[in-house]
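Q: Shown below is the structure under consideration.
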Amino acid sequence: MNRQQLGLLVAQRLRADASELTRQWHASGTIRHVTVDGLLPETTARAIYDAFPSFDRMVRNVSLRESKSIAVQMDRYDPLTEEALYAFQQPEVVELVGRITGLPGLEPDPNLYVGGLSAMRKHDFLNLHIDNSHDKNRARWRVLNLLYYVTPDWSAEDGGSLELWPQGRRGAPVVIPSRFNRLVIMETHQGSWHSVSPIRRDGTRTCVSNYYFSATPARDSDRFHVTFFRGRPEQPLRDLILLADGYARMAIRKVFRLGIRENPHVYKR
């Protein structure tokens, strides 16, 4: 299937529950979000999972901040994975997401800046963080994450759950298991701390990630920031190290507006 056909299926699913999703969005708290289960026909979702590249063909990111594998140079991989990514950028999908969330002027990102595919295996994780506030040129605000999970038979007990921390690392997270064929639409702003819990089982947790941008931020109080990581509540030493790392990277960006090097996490056609 191509991106237009997949986009029509996504739009059909969103349209069917648009009123209920809007209600859930506004009732979901300070980090607004909705989950959509059964997004695509099961055979289609399984085909996307089967098309994921093997770990040795992805880029491995390992640090105190995270441990995961990513893929963004999509012409190197099965064409279905690229079509699945761009299905979420089809105009009818973007329009419906805007209607559900009420966020104005949504624009997808054809460059896949920090988007694309991700895969996590046993012991991989993503620590608490807020996402970078802008696109790669600091021209538009990042306002939404669209995370589509495609690992069959994945449960909350397996780890890899999306965790939203409305009160930061001192509060309790809202836990959203990364179940098969589930889409999560999540607002990003200066208070949208989130993480991915460590993977507990053998196997691969896979995600198709898109980000939407806008000329206006999700919150009027938002200010420019880099992706900023923190330690989990049980990681006080790591938290201090990540705090220092975050402030250092912010200082660099104040001097070098677009950074000292181009972020390689973009789709270079």
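Q: About the Cα centre of the chain, what is the dipole size in debye to 20, counting +1 per Lys and Arg Cβ and -1 per Asp and Glu Cβ, all else neutral?
A: Details: 37 positive and 30 negative charges, 191 e Å.
Magnitude of the dipole: close to 920 debye.
Q: At a Förster radius of 22 Å, what calculated FRET efficiency corresponds to the Cβ-Cβ distance of Ala251 and Arg219, to the nearest 0.05? Please list the in-between numbers first.
A: Values: r = 24 Å, r/R0 = 1.07.
Using R0 = 22 Å, I get an efficiency of 0.40.
Q: Which peptide among 69-77, 175-183, 230-238 comes first, and what is the full order, when sorted by highest mean count of other Cβ atoms within 10 Å?
A: 175-183, 69-77, 230-238
Q: Let me ask something else about it. Quote the Stokes-Einstein diffusion coefficient, in whole µm² s⁻¹, for the stretch 156-269, based on the Kirkwood radius over alpha carbon pairs, a temperature of 10 °C and a viscosity of 1.306 mPa s.
A: Once the numbers are plugged in, D ends up at 96 µm²/s.
Q: Related question: Within 9 Å, Cβ to Cβ, of Glu82, how many net charges do the neighbouring residues add up to if Lys/Arg are +1 and Asp/Glu are -1?
A: Details: positive: Arg3; negative: Asp75, Asp78, Glu83.
It works out to a net charge of -2.
Q: Then there is this: Using all C-alpha to C-alpha distances in the stretch 84-199, build P(r) with 5 Å bins and read off the rounded percent in each one.
A: All Cα pairs, binned at 5 Å, distribute as 2, 10, 19, 23, 22, 16, 7, 1, 0 percent.
Q: Tell me what the chain gives for mean residue ellipticity at 222 nm when only DSSP H runs of n ≥ 4 count, each as -39,500 (n - 2.57), the sum divided by the residue total, rounded to 500 deg cm²/dmol. Spell out each step's value before the answer.
A: Values: 6 runs with 74 residues, N = 269.
Result for the chain: -8500 deg cm²/dmol, rounded to the nearest 500.
Q: If you plug each phi of the stretch 139-155 into the Karplus form 6.51 cos²θ - 1.76 cosθ + 1.60 with θ = phi - 60°, what whole-Hz ³J(HN,Hα) values come out, in order, with x for Gly and Pro?
A: Karplus values, whole Hz, x for Gly and Pro: 9, 10, 7, 7, 10, 9, 10, 10, 10, 10, 9, 10, 8, x, 6, 9, 10.
Q: Placing unit charges on C-beta atoms (Lys and Arg positive, Asp and Glu negative, everything else neutral), compute the dipole magnitude of the stretch 20-82 about its Cα centre in debye, rounded to 20.
A: On the way: 8 positive and 9 negative charges, 70 e Å.
That gives the stretch 20-82 a dipole magnitude of about 340 debye.
Q: Any chance you could get the radius of gyration and Dmax over the Cα atoms of the stretch 9-94, in Å?
A: 16.1, 43
Q: If you don't mind, another one. So what does log10 I(q)/I(0) come out to for the chain at q = 0.14 Å⁻¹, using the Debye formula with one equal point on every Cα and no solvent?
A: So the normalised log intensities work out to -1.00.
Q: In the chain, how many lysine pairs have Cα atoms under 26 Å apart, counting only pairs 8 or more places apart or on different chains?
A: Numbers: Lys68/Lys122; Lys68/Lys136; Lys68/Lys268; Lys136/Lys254; Lys136/Lys268.
Within the chain, the lysine pair count is 5.
Q: Taking θ as phi - 60°, what are the ³J(HN,Hα) couplings along the stretch 159-176 by the Karplus curve (6.51, -1.76, 1.60), each to the nearest whole Hz, with x for Gly and Pro?
A: Calculated HN-Hα couplings, in order: x, x, 7, 6, 10, 9, 10, x, 9, x, 5, 8, x, 9, x, 8, 9, 10 Hz.
Q: Could you give me the ³J(HN,Hα) list for the stretch 226-242, computed from phi with Karplus coefficients 6.51, -1.76, 1.60 and θ = phi - 60°, whole Hz, x at Gly and Pro?
A: So the Karplus estimates, Gly and Pro as x, are 7, 4, 10, 9, 9, x, 5, x, 8, 10, x, 5, 4, 4, 4, 5, 5 Hz.
Q: Which one, Tyr148, Tyr86, Tyr247, has the greatest fluctuation when you compute a Gaussian network model over the chain with C-alpha springs under 10 angstrom?
A: Result for the chain, Cα springs under 10 Å: Tyr247 fluctuates most.
Q: How much net charge surrounds Ser69 when only the other residues with a Cβ under 12 Å from the Cβ of Ser69 are counted, with Lys and Arg +1 and Asp and Glu -1?
A: Numbers: positive: Arg57, Arg60, Lys68, Arg121, Arg205; negative: Asp56, Glu66, Asp124.
Here the charged neighbours net out to +2.
Q: Under 10 Å, Cα contacts only: if you run a Gaussian network model on the chain, which one of Thr81, Thr43, Thr22 comes out with the highest mean-square fluctuation?
A: Result: Thr43 has the largest fluctuation of those listed.
Here, each number is a calculation from the coordinates, and none is a lab measurement. The structure displayed is predicted, hence computed values, not measured ones. As a convention, Cβ positions derive from the backbone with ideal geometry for all residues, glycine included, and neighbour counts pool all protein chains shown.
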